[in-house]
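The values are calculated or read from the model by the stated rules, or taken from the named source; none is laboratory data. Just so it is clear, the model here is predicted, and its values are computed rather than measured. In this analysis, Cβ positions are derived from the backbone assuming ideal geometry, glycine residues included, and neighbour counts consider all displayed protein chains. Ligands, DNA and RNA are excluded from the accessible area calculation, which covers all protein heavy atoms including side chains. Shrake-Rupley method; radii C 1.70, N 1.55, O 1.52, S 1.80 Å.
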Amino acid sequence: NTIPRTLKREGKPVSCAELARKILKAEGLKEDAASAILGPYLESNPHFTQDEKGRWLTLEPLFNSRFLPDVTFSVVDIETTGGRPPQHRPTELAAVKVRDGKIIDEYHALVNPGREIPWSVVRLTGITDAMVLDQPELTKVLPSLLEFLEDTVFVAHCANFDFHFIRYFTAQYLEREFAPSVLCTFKLAQRLLPHAGRYNLGELASFIHLDDSDNDRHRALGDSKTTAEIFIRF
């Protein structure tokens, strides 16, 4: 096979053994063994191609952006009546889609939880029983949220909380499995910023000098936007 001229400008072709040294830190791995390990991934990855000697080249899209060009992330936040289902239920759902380092779409819905919202939660979120009284119940709202999240990576701050609610009620109400790839920005922040000390959204935004003053704190859409902006910075 011939290499398109544009690819020749992208850098020096490398063997699987060289890639194994750089990626896997596997010194002394012979070409056949390295090819057996990395070959299937490289062959199925649209961002790599081979030259006539079997060496690998990275295609142009990988060089155009700091971001994964073929991955869409949905950054999710929900407000609830309390800590765990089924006794507690969502009052607000929100998500923003992130692709190539930009927010490209958003989803938001208030939800009638079918139970009283505790006063402690009202004080935190500002969402009152009156605000959700005429809103649809979760059974009506959940399908549209799942459609928004389809084929995306699920991202949230303390992701287990949001993910557990959505997975539980998807199984309970719709008899469907909800099993996306999940990424937690709280855990990511702990790894990337070990000296930050505290990792709630407000203090994390301050630590990285992110102005999120336009995003309503403890409201689902505002917190999902702040989380998305932190994630994009990361």
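Couple of notes before you dig in:
- Of everything in the range 21-46 that is at pLDDT below 80 and within 17 Å of LEU57 (Cβ to Cβ), the residue that is farthest from the chain's Cα centre (by Cα) is LYS22.
- Tally of residues being surrounded by 13 or more Cβ atoms within 10 Å (Cβ to Cβ) and closer than 25 Å to PHE231 by Cα across the range 167-188: 10
- Hey, LEU93 closer than 24 Å to LEU145 by Cα and surrounded by 15 or more Cβ atoms within 10 Å (Cβ to Cβ) or not: yes
- Filtered residues of the range 8-43 (kept if under 25 Å from ASP70 (Cβ atoms) and either open to solvent by 90 Å² or more (accessible area, probe 1.4 Å) or among the basic types (Lys, Arg) (or both)): LYS8, ARG9, LYS12, LYS22, ILE23, ILE37, TYR41, GLU43
- Of the residues making up the range 143-184, those that are of a type in the set (A, V, I, L, M) and part of a helix (DSSP H, G or I) are LEU145, LEU146, LEU149, ALA159, ILE166, ALA171, LEU174.
- Top-ranked residue of the range 190-217 - restricted to ones that are assigned to a helix (DSSP H, G or I) and among the small types (Gly, Ala, Ser), ranked as farthest from THR125 (Cα to Cα): SER206
- Subset of the range 110-160 [among the β-branched types (Val, Ile, Thr) and either open to solvent by 60 Å² or more (accessible area, probe 1.4 Å) or over 26 Å from LYS187 (Cα atoms) (or both)]: VAL111, ILE117, VAL122, ILE127, THR128, VAL132, THR139, VAL141
- Scope the range 100-109; condition assigned to a strand (DSSP E or B) and open to solvent by less than 60 Å² (accessible area, probe 1.4 Å); matching residues: TYR107, ALA109
- If you go through the range 189-211 and pick out every residue that is open to solvent by 40 Å² or more (accessible area, probe 1.4 Å) and farther than 11 Å from ARG233 by Cβ, you end up with 10.
- Matching option when the condition is touching a residue at least 40 places away in the same chain (Cβ under 8 Å) and of a type in the set (Gly, Ala, Ser), among ALA171, ALA179, ALA220, ALA196: ALA220
- Number of residues in the range 74-90 that are surrounded by fewer than 22 Cβ atoms within 10 Å (Cβ to Cβ) and within 13 Å of the chain's Cα centre (by Cα): the value is 0.
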